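Any read-out appearing in this document is the output of simple, stated calculations on the displayed coordinates, not a laboratory observation. What you are looking at is a predicted structure, and each value in this text was computed from that prediction instead of being measured.
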Amino acid sequence: MNKPIPVTTIYSESASKFPGTSKDASDINLLMDRILQKNDYAAFQKLFTDMYPHLCVFCVKFVHVKEVAEELVSDVFYTIWKNREQITMTSPKAYLYTAVRNRAFDYLRKIKKTIWCDLDEITQLAAENIDSQELLIQQEFNSRVEKSVASLPRQCRLIFELSRDHGFKYKEIATKLNISIKTVETQMSRALKHLRGSLRAA
């Protein structure tokens, strides 16, 4: 699918984060108005150039991978252009950051769901009458999972195991380890990304 997005620009980690971007909100409002009301592609390119670096830095704080953040932010801009005739908004700046944040959360939920589905599927196989070949596949998968978990940093591994093996909720983990819920969320995100990458590479 060809996306009407300009060539991706390199962004700096020092770029300002919302709401303190260098781009004035009134300028963003003007550009968005021209996009939504006049189908102005030049205004769309200008908005993309101005806001893309800031939105990528913002998105990285959630997904922790620059390439993923770039793709998610590009998707947000593509969706805006594609649906420009149906979109209404009162605060374009807030809309952009909220859209990126929601896209990041959707991405993280998808990864988490996929990993847990993989693990649940293997667990269910153990309860079934499986042949020797399937048993070997199960054992190999379990071994890869445990090796990947074992290679996590100590705190990250502990948080992951409390969630996976003991069913603790994030708030319960935070209380038990005397850390913030935000730290738990960050460490779980890193653990899931690491585990997913290990399983794909294996």
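Stick to the Cα atoms of region 25-105, pair each with every other, and give me the Kirkwood hydrodynamic radius in Å at one decimal. One decimal place: 12.6 Å for the Kirkwood radius. Estimated at 0.36 nm per residue, the fully extended path between Thr90 and Lys66 surpasses their Cα-Cα distance by 5.7 nm.
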